[in-house]
Amino acid sequence: AIAPAMFCITRRGAVMAATLPAGTPVLTAAELFGMPSASSWGPAQRCLHSWGEVNTAPVSPGYTSSWASSASFGPSRPWASSAGCHPPFWLCGSSTSPAISSRRCVHSGSEAGASSGIPRAAQAGPGGRRESPRDGSPRGGSCETPHGNLRGGRGGSRDRGHMHGREREHGHEEIPASAANGSGQQSKPLQQTIAAIDSMARSLRDGRTIKDVTLDPLTAKSADELTQSLRDLGWRGSVSLYPRGPRAEPQVLSPGTVVLLVKAVSAFSRMRLLHAPLVVTLGEMRIGTWRDILPAQLAEAMVAYAHLLPSGLADLGLRRRWAVALDEGMCKRLAPQDLANVAWAAAVLQMGGLHRLGARLGLAADACDLGRLGAPQLGKLAWGLAKLSQHLASDKPSGGQGGGSVAGNSTIDDHPSWARNALILGKTKHSAGGHGLGDLLWFMSTLGKGGQHAWSFFERAPAKHLGKDAYSILLRDTVRGSSFEILVLRHLADHCASQGLRAAILNAAVIRSCDAGNVAEARNLLEYMAAKKLWTPVTYRVAGRVATELDTDNLGIQGSPAFPGLVEPGLGAHKYVRALYHAFQRGQLGDSESALEGLEHFSRSKGWLKFGAADEKGAVVDDAVRRFRDRKHSGDSLAIAEFGTFLGYSAVRMARAFGAGAKIVTLESDPEVACLAINFIEFSGVDADIDVWIGNCEDLAPRLREHLGARSVGLVYMDHNQMIYHEDLARLEALDVLADGALLVATQVLKPGAPLLLWRLRQAELAGRLSAPLELVSSPDCGCPLMEEWVAVAELVASGLDASHGPGTVWEPDEAPKELRMLAAECNLMRWRTVQGLVNEDRWNAFVQHVRRSVERLVGVRSTRDVWPDPQTLAKARRLEYRRLDFF
């Protein structure tokens, strides 16, 4: 409906004529508003400002401020009349006036915008203000013209169809110094500060460690300067980071400033440092701001947030605005590398269900040349799109280690072209293994029947270690004791680091074969291990089981080394492997008490290990298991589900506390650690059915329903990734796996911390979804005298469904406060920093007190019981103050 005779509003407020028929007048900005010069302007609209904004200023009488009507420009302009001619222009922009604070999109020649094609979200609401969409996106819309998109919003409108040749060639915009901040003033200190921060991050490539960069005084100095710069730009920053009341409208920042801030958050993410004022500042940007930067820069921001605020830690409003900003046009403009980064980040940030983003990214991938991607980036793209895509979500594999079918019933032809192309390229690019193989195999496992594509890749696997993620995916989707599972385990054993680990993995293969009744395969493995001199105490025990199955007293195999076999882990063994063999040396084969004591002794004397069920905490877990046992009715087949097997310590301890007949399903993502746990469980000799499943909890949780049935889990024990405790609990509730009055026992809720789980449990308690008051038991952590730890014990209602919100609705708590989500991000970074040697016992002691004070204030919970040997020690611990590594 728009005639070709129109003016195009482009960058920096220029009004240009383009493709105009003969006789069309060309007007200056002053003539556009019917005024000869700026000196005579009165109280109405004054001019087109930089980046297309429309600001208010004193103008002459007779000029109305009603922007929804074509008469806004006065009766003296004949071309403004709806009956005078075709509409000569579109006007898009924003106002900084308090009276006109929403974005405007005015179509001359239209009475109220309803018939002009203006998006509904861009039309004026009551009182002259446009209504704000309920999805958290900012006010505004976009106007299509023959010359490209004219998008309103913070940062103004921008004609993407008129990008200068220099910008096209170099892939970025030349930002003038005056665009450094919203006021038009130069911001050299901000540029210099962010340059220093980026330099610190780049120094990691030159051999500096994360510890060096984090503790460098220059890092803290630059972070403080950035905080001050944010204040100078009009943002409250750390002065009032989480205001309780209404917040003032933030200052409009130019795209140049936003690009600088994106560069800063990217640098901090590479250093794994959280700069809260910066994160909050970027989190409040409007859709128009994100649209006014290049797609590559938006991708950079999303990747940074995925590293710092994964899962649901980032603001939902920000994630929605990103999903809207990534419209079909922007998705198609993404370069292949940026498309892979966006897909990966969107999956990590859980954006798949927001504004059909997954579908748009899939369409962009269909038109993309995936052959330009390297192997790691192809894996990221395939994993991200598979996570986001509803096409693949329904075909996620089931069965495997829990029994049943391994995959869905679809064929490769049922999937979009990007999936077919990624599969073909993936088998070629990853033929040599390497980084990203786990992502690609996860994607492959969602295609076809029985995981056949992942398996066909393994048949050509190189003679090298494939990576733990790859082995985890392959073992997750195999049938217990099958020949394929044994092949994968043998491949893993042949390429592991130490002799002790190799023996433990082969022992696990023998045990799996015995459990599946494949004693012939088990005997072949025993012969192989004897030839390699890899028999351990566990091997001798399993050999006895094989002989019993074969009904013979002599297998005809000479064990090697002689009993008790190999009890030294070998050179280069990891701490976890050394811990297992330390238990072999100190414990007695088949005696669970001495086996547990062996691991505890190693943790105290050889190398600290995080056992969530040890010492005083262990007594709390034992009590919960006995409560579950005593309430269980005869004939019930309720099971214990453990999230995080580790070395098998807690599984064996729970089996001992329960007594004969315990049924435990335990989930572990690391295949090597899972094999160590299988060895320890066998060595302890507990009279229980303990089944170790290998794979991520997110993928394996649905199999609990398939394998055990509805409402079949009576106790859930969590000691894995504390950041996702609340997500796994929500998943179990939605699957209707939990029995009436099921107990949840979660350790490590203070160290490193699970604040979002505490938020969910407290909200559930307030909503009447707990059968008994929430228990939070305080105790020392794993032999550290000043390290406070909490164990959460909750008695849950049976179903996760919420009938008050309609049939089939899953209950969800209110969104956690921003400050609590920032605390969760700190906890997650502390876990990562421990591996980097940044966190010693003293820092941990102080950090857990920071977590305790924060959850007491934000969640409204306190420890309900203390089990400290000395109350004075607890009082001393609670006086510790934490000095943050991050910046708030």
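The values are calculated or read from the model by the stated rules, or taken from the named source; none is laboratory data. Since the structure is predicted, the reported quantities are computational estimates derived from the model, not experimental observations. Ligands, DNA and RNA are excluded from the accessible area calculation, which covers all protein heavy atoms including side chains. Shrake-Rupley method; radii C 1.70, N 1.55, O 1.52, S 1.80 Å.
Does region 669-811 classify as rounded, prolate or oblate by the C-alpha gyration tensor (a ≥ b ≥ c root eigenvalues; a/c under 1.5 gives rounded; else a/b over b/c gives prolate, otherwise oblate)? Taking the square roots of the gyration eigenvalues as a ≥ b ≥ c, region 669-811 is oblate.
The shape of region 615-742 comes out rounded: with a ≥ b ≥ c from the C-alpha gyration tensor, a/c is under 1.5.
Among the protein heavy atoms of region 679-724, carbon and sulfur supply 40% of the accessible surface, probe 1.4 Å, non-protein parts ignored.
Largest accessible area first, the residues 275, 465 order themselves as 465, 275 under a 1.4 Å probe with ligands, DNA and RNA left out. Note on residue 782: accessible area is roughly 10 Å² with a 1.4 Å probe, heavy atoms of protein only. Here the mean projected area of the convex hull built on the C-alpha positions of region 470-513 is 2.7 nm². Largest first, the residues 736, 870, 369 sort by 1.4 Å accessible area into 369, 870, 736.
Ligands, DNA and RNA excluded, the heavy atoms of residue 290 present near 0 Å² of accessible surface to a 1.4 Å solvent probe.
Roughly how many whole Å is it from the C-alpha centroid of region 477-536 to that of region 765-780? The two parts, judged by their Cα centres, are 44 Å apart. Counting heavy atoms of the protein chains alone, residue 552 has an accessible area of about 50 Å² for a 1.4 Å probe. From the square roots a ≥ b ≥ c of the eigenvalues of the alpha-carbon gyration tensor of region 304-359, which class results: rounded (a/c under 1.5), prolate (a/b over b/c), or oblate? Oblate is the answer for region 304-359, as a/c is 1.5 or above yet b/c matches or exceeds a/b.
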